[in-house]
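Notes to accompany the following structure.
Just so it is clear, none of the values below were taken in a lab; they were calculated from the coordinates. Computed from a predicted model, the values in this text were never measured in an experiment. Cβ placement follows ideal geometry from the backbone for every residue including glycine, while neighbour counts extend to all protein chains displayed.
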Amino acid sequence: MSDMRAAKATRTSFLDVRAAVLARIRARVWPPGALLPTEHDLAAEFGCARATVNRALRALSDEGVIDRKRKSGTRVRMVPVRKAKFEISVVRHLVEETNATYRYALVSRRAGPCPAWLAARLDLPGDHPMLHLRCMHYADNRPFQFEERWVNTEAVPAILTADLSVIGPNEWLLGAVPFTDAEIAMSAEAADAPLAEFLETAVGVPLFQLERITWLQGAPVTFVRMSHHPGYRMSTRY
């Protein structure tokens, strides 16, 4: 029995295969454009199941290191794709990380049909039920972010009875609803009169604006547009 346990403990994992393949690519054993051995050959070399090799290669493909094509095989990318990673942050945490005091205010809350422009964007019928929220986030009582959000109440019915006067919808949703996919868009937008008033700036001042859509198994969960105070910066690593 102890020998069987030892064998299982030393069994090659997909992480082992991924690390070995990546090491060879970095050492130019397989230079850019090179064709990798087949999954069958790699499985024989590493003494593991073909499924283990497949999982390792899928991970490297997702990371932009290799390019996998049916029938033509797997090649090292000529130019590796570097993928930026964006964390969906809680606004309260962003403020508190600057050693400022966070404050939140729910500006408005209204249930109703999905607006036509958003229904078209999310591929929903025009009368689809949504919850429309507008919120303000402050840092040391100075405007930090204006949040405008629509939530699909068929996907998240519990939000209709949630108390969002104390906790923001962003924080509530992250704690209550998983998501499987997200789309993020960033732009600089000139402040209109309402935004200028909320963020205490002048009309026409450029603001950093972030839009995000999240889905759960193909169904849209929420669309949010976040406008930040003038001078706000966002950074990421890849």
How large is ³J(HN,Hα) for each residue in the range 180-190, as worked out from phi by the Karplus curve 6.51 cos²θ - 1.76 cosθ + 1.60 (θ = phi - 60°), to whole Hz, x for Gly and Pro?
10, 9, 8, 10, 10, 10, 10, 7, 9, 10, 6
Among W172, P115, M186, whose Cα projects farthest towards the positive end of the dipole of the chain, with charges put on the beta-carbon of Lys, Arg (+1) and Asp, Glu (-1)?
M186
Among [x] -0.49, -0.90, -1.23; [y] -0.36, -0.86, -1.28; [z] -0.26, -0.72, -1.41, which one is log10 I(q)/I(0) by the Debye sum over Cα atoms at q = 0.08, 0.13, 0.18 Å⁻¹ computed from these coordinates?
[x]
If R₀ is 30 angstrom, what is the calculated FRET efficiency for the pair L216 and T38, using the beta carbon separation as r and rounding to 0.05?
0.25
Helix 50-62: angle to the longest alpha-carbon principal axis of the chain, degrees 0 to 90, nearest 10?
40 degrees
Treat every Asp and Glu Cβ in the range 91-228 as -1 and every Lys and Arg Cβ as +1, leave all other atoms uncharged, and give the resulting dipole magnitude about the Cα centre to the nearest 20 debye.
200 debye
Just to be sure I understand the model, the point goes 7 Å from the Cα along the line to the Cβ. What's the resulting R75 to W117 distance in nm?
4.3 nm
Please list, by residue number, every one of the GluC sites (Glu not before Pro) in the range 197-233 that is coil in DSSP and has at most 10 other beta-carbon atoms within 10 Å.
E200
Can you give the calculated 222 nm mean residue ellipticity of the chain, where each DSSP H run of n ≥ 4 adds -39,500 (n - 2.57) and the sum is split over every residue, rounded to the nearest 500 deg cm²/dmol?
-8000 deg cm²/dmol
Tell me the relative contact order for the chain as a rounded percent, counting alpha carbon contacts under 8 Å between residues six or more apart.
14 percent
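Express in nm, to one decimal, how much length is gained between R142 and E154 on full extension, taking 0.36 nm for each residue of separation and deducting their alpha carbon distance.
Details: separation 12, 0.36 × 12 = 4.32 nm, distance 3.51 nm.
Length gained, R142 through E154: 0.8 nm.
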Other-chain or far-sequence residues with amide H under 5 Å of A34's (modelled H):
V76
Angle between the Cα long axis of helix 14-26 and the longest principal axis of the chain, 0 to 90 degrees, nearest 10?
80 degrees
Length gained if E45 through I88 is fully extended, taking 0.36 nm per residue and subtracting the Cα-Cα distance, is 11.4 nm
List the residues, sorted by chain then number, that are 5 or more residues from L216 or on another chain and whose placed amide H is less than 5 Å from its amide H.
T180, V221
So for R0 = 30 Å, FRET eff. of N99-A190 from the Cβ-Cβ r, to 0.05, ends up at 0.45
Vicinal HN-Hα couplings computed from phi for the range 228-233 (Karplus, 6.51 cos²θ - 1.76 cosθ + 1.60; Hz; Gly/Pro x):
10, 4, x, x, 5, 10
